[in-house]
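The next block holds one structure in the form of structure tokens; read it before the comments.
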Amino acid sequence: MSVDIKSQTHEELTKKFVQWEQPAYRVDQLLHWLYEKRVTHWEQMTNLPKALREHLAAEFALHTHELFGKQGARDTTQKFLWRLHDHALVESVLIPANPALYGEQSDRHTLCVSTQVGCAYGCKFCASGLDGWKRNLEPYEIVEQVTAIERWHDAQPEEMERIDGTRKSDRAINNLVIMGMGEPLANYDNLLKALRILNAPWGGGIGARKITISTSGLAPRIRQLADDPLQFRLAISLHGATDAVRGRIMPVNRKHPLAELTQACAYYQEKKGRMITFEYILIAGVNDGLDQVRPLAHLARRLYAKVNLIPYNKVEGLEWERPDERSQENFLGALEHQGVTATLRREKGGDIDAACGQLRLKTERALRGDGPAPRR
Ligand code: SAH
Ligand code: SF4
């Protein structure tokens, strides 16, 4: 199968165009069609000569994700389920910063993208890993999650204006979080290529500092990312501040225990000089005890990390529960008392299965006939 054009960098395309004896400005024209106009067919690239378009079509694929399902939450978070060329399903979640629901206009959107179909890491609380790992996403399949949303955004200016006040001429997305389905650092090369394309001024134009990569803790890859020149933000899914607690819910902790993980984080911090974020889901009776506060505070202070507390989002079929609000507040208060910068996230989109992997899992199961259809 031919390579998709949206897996190609400017440099790669330039090389190809030199071989084809095409002038350099043709590459810029092509990229304009792909990332500004976001066209879906070669014929739409009207300022490229027909022969060149045919050449491109013979050499490259131009896939677009098919919108297979969509859920919109009361707080205007929108969840998109995409069907890929092999019928695999992945999710992206569009999160307005200041939802119109609260009477303010959104000044930016965050898109949460997936990097794999399923996940091999099998964290006990997570829907993404429940059916195992199917495959890595190609660079273009990550890039196209952004371009497909931008296209959707352009196609319904009235709906976007109603939701959050943005207009058609505005770029829909200027913040990316790599927190959808899959472990991003386990698909390192494809992810980094996709992010270079999304970051480039000729591509997605999203600043590296506006891109946050979340990992369950692949220590060697964190070091590799630290050595990359681009200044991405790093979030660690910690969810436990001792090996005993973390190991109970995250099998990856056996391979890369906390000592190794935190050393890799320290290396990242040192190389980048940037604050790291610890994601910490609060799960009742598992990691929300005040005994976790002191070791968590210790790690956060040592690594200059900020802590994001996230009340657990119930996953159907799993035993885990979110603690009541008082316990959540107590945990936050105790952490702050230890001098740590922490936030308690009111889970946006909790009513649309926004936690990673849930919509896809339900849809897959409904298609197979062993579960109820998800609300779309
Ligand atoms: N694999 C990466 C990125 C995807 S998961 C990682 O684990 O970091 C993105 C975040 O959602 C992680 O912090 C993950 O732990 C969290 N998450 C998974 N299931 C959740 C649930 N049911 N409720 C709340 N957060 C969840
Ligand atoms: Fe995979 Fe992240 Fe879910 Fe763990 S939390 S199973 S690493 S997607």
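Could you sort 268-276, 194-202, 30-38 so that the peptide with the highest average Cβ count within 10 Å comes first and the rest follow in order?
Most protected by this proxy first, the peptides run 194-202, 30-38, 268-276.
Once you compute Rg and the Kirkwood Rh from C-alpha atoms, what is the Rg to Rh ratio for the stretch 218-282?
0.97
Report, in listed order, any pair from Lys6/Lys50; Lys193/Lys255; Lys6/Lys272; Lys6/Lys255; Lys210/Lys272 with a Cα-Cα distance greater than 23 Å.
As for pairs spanning more than 23 Å Cα to Cα, those are Lys193/Lys255; Lys6/Lys272; Lys6/Lys255.
Under a crude label model (7 Å from the Cα following the beta-carbon direction), how far is Ala58 from Asp28 in nanometres?
Spacing of the two 7 Å Cα→Cβ label points: 2.8 nm.
Take each of the peptides 20-29, 115-124, average the number of other beta-carbon atoms within 10 Å over its residues, and list them starting from the highest.
Averaged packing, sorted descending, gives the order 115-124, 20-29.
Between His85 and Ala200, what length in nm is gained on full extension when 0.36 nm per residue of separation is reduced by their alpha carbon distance?
38.8 nm
Given H placed 1.01 Å from N in the peptide plane, which residues other than close sequence neighbours of Val286 have an amide H under 5 Å from its amide H?
Here nothing satisfies the definition.
Hey, what D do you get for the stretch 5-59 in µm²/s if you plug the Kirkwood alpha-carbon radius into Stokes-Einstein at 37 °C and 0.692 mPa s?
For these conditions, the coefficient is 292 µm²/s.
Would you mind ranking Val307, Val143 by Cβ crowding within 10 Å, fewest neighbours first?
Final ranking by Cβ density, sparse to dense: Val307, Val143.
Assuming R0 = 45 Å, can you tell me the calculated FRET efficiency for the pair Lys37 and Tyr267, based on Cβ-Cβ distance, to the nearest 0.05?
Numbers: r = 41 Å, r/R0 = 0.92.
Calculated value: 0.60.
Sequence-distant or interchain residues sharing an amide H contact under 5 Å with Leu344, placed H: which?
Leu309
Where nothing but the Cβ of Lys and Arg (+1) and of Asp and Glu (-1) is charged, how large is the charge dipole of the stretch 5-59 around its Cα centre, in debye to the nearest 20?
120 debye
Please list, ordered by chain and number, the residues whose modelled amide H lies under 5 Å from the amide H of Ile211; skip anything fewer than 5 residues away on the same chain.
Leu176, Arg233
Output wanted: per-residue J couplings in Hz (rounded whole) for the stretch 300-314, from phi through Karplus 6.51 cos²θ - 1.76 cosθ + 1.60, θ = phi - 60°, x for Gly and Pro.
Ordered by residue, 3J(HN,Hα) equals 5, 5, 4, 9, 6, 9, 9, 10, 9, 8, 10, x, 4, 9, 4 Hz.
Residue-wise, which Karplus ³J(HN,Hα) couplings in Hz belong to the stretch 125-137, taking 6.51 cos²θ - 1.76 cosθ + 1.60, θ = phi - 60°, and x for glycine or proline?
With the stated coefficients, the stretch 125-137 comes to 9, 10, 6, 5, x, 4, 9, x, 9, 9, 6, 7, 7 Hz.
For the residue pair Ala155 and Lys16, what label-to-label distance in nm results when each label sits 7 Å from Cα along the Cα-to-beta-carbon direction?
2.5 nm
Using θ = phi - 60° and the Karplus curve 6.51 cos²θ - 1.76 cosθ + 1.60, what whole-Hz ³J(HN,Hα) does each residue of the stretch 336-345 get, with Gly and Pro shown as x?
5, 4, 7, x, 9, 7, 9, 10, 10, 7
Hey, can you rank 232-241, 55-64 by average C-beta count inside 10 Å, highest first? Write out the running numbers ahead of the final one.
Numbers: 232-241: 23.3, 55-64: 16.0.
Per-residue mean Cβ counts within 10 Å order the peptides as 232-241, 55-64.
Computed from the coordinates by the stated procedures, all read-outs in this text should not be read as laboratory data. Since this is a predicted model, take the numbers as computed values, not measurements. Backbone-built Cβ (ideal geometry, glycine too); neighbour counts: all protein chains shown.
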